[in-house]
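Comments concern the structure below.
The values are calculated or read from the model by the stated rules, or taken from the named source; none is laboratory data. Keep in mind that what you see is a predicted model, and the values were worked out from it rather than measured. Here the Cβ is made from the backbone with ideal geometry for all residues, glycine too, and neighbour counts use every protein chain on show.
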Amino acid sequence: MDGLILLMAGVGTYSLYSLVCQRQRIELATQSLGVAAHLVDVVGHVIRKVLGGLILGGGGYLFLVWQGGRPADFGFVLPTDSWWLLWVSGGAAVVLPVVIKSASGEEMQRNYPELRNRPWTPGVKWLTAFSWAVFLLGYELFFRGFMTYGLVAEWGAPLGLTVTVIFYAVVHWPKGMRETIGCIPMGIFFGCQALYGGGFLGPWLLHLAIAVVGENAAVRAAAQKMEQ
């Protein structure tokens, strides 16, 4: 499979996800379904994440099937040894404290208005955690499976991983400079974890921990700011 074709397919797949899963588009569709006003944001979040995971993971997988690729060649495998647990636990020990500390920052609160507006009941927290799990499963299959394994196979580890990390960082640009820059070391770590730590499962678990822990820390920070 030619690397440029693979890269173009990846950009096209991510562009489709971005177009279909726009926040305003999904929230308008949710309102048209007659969802209660105070639940529109929650239901819209779940729809966006589940649909996004299906588009990214499913789109990448369908392209591989069309090209005659094998899932195992693109990280769609389960780890066969315990090294992947060291990747996950080591990454969590380093990254999660940083995530928790940055959760109260102005940039985080500005980029995620749902932290203030959503009714954060225990049920909502579990529902959003589930939606993050579905979304990030497709997300990691796309970035660490489809893109990383595919480009490394075509261009070698240094160039293939570099291009994937650049792509990964660029798509975070709307979230601000700090998050975009932070995606560079995280993209390198996730890519190496996938390539040398047993496929996509480790990056998925670590990314899920980052999302859920970071979201809950940011919710607590937002609540404390509102009380002041």
May I ask you to list the residues in the range 144-168 that are at pLDDT 95 or above and under 24 Å from LEU54 (Cβ atoms)? THR164, PHE167, TYR168
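Could you tell me which of the residues GLY12, GLY52 is touching a residue at least 40 places away in the same chain (Cβ under 8 Å) and small (Gly, Ala, Ser)?
GLY52
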Within the range 170-208, restricting attention to residues that are buried (at least 18 other Cβ atoms within 10 Å of the Cβ), of a type in the set (Gly, Ala, Ser) and under 21 Å from GLY105 (Cβ atoms), which residue is farthest from the chain's Cα centre (by Cα)? GLY182
For the range 127-143, check the following and say yes or no: at least one residue is in a helix (DSSP H, G or I), among the β-branched types (Val, Ile, Thr) and at pLDDT 75 or above. yes
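Quick grid of which residues meet (1) out of contact with any strand residue (DSSP E or B) (no Cβ under 8 Å at 6 or more places or on another chain); (2) surrounded by fewer than 16 Cβ atoms within 10 Å (Cβ to Cβ); (3) closer than 18 Å to TRP204 by Cβ:
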position: PHE63; (1), (2), (3): yes, no, no
position: GLN67; (1), (2), (3): yes, yes, no
position: PHE74; (1), (2), (3): yes, no, yes
position: THR80; (1), (2), (3): yes, yes, yes
position: TRP83; (1), (2), (3): yes, yes, yes
position: VAL88; (1), (2), (3): yes, no, yes
position: VAL94; (1), (2), (3): yes, yes, yes
position: VAL98; (1), (2), (3): yes, yes, no
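Evaluate the following for TRP155: is it without any contact (Cβ under 8 Å) to a residue 24 or more places away in the chain and of a type in the set (Phe, Trp, Tyr)?
No, not satisfied.
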Test GLY214 against the stated conditions and say whether it is in a helix (DSSP H, G or I), without any contact (Cβ under 8 Å) to a residue 24 or more places away in the chain and either surrounded by 21 or more Cβ atoms within 10 Å (Cβ to Cβ) or not aliphatic (A, V, I, L, M) (or both). no
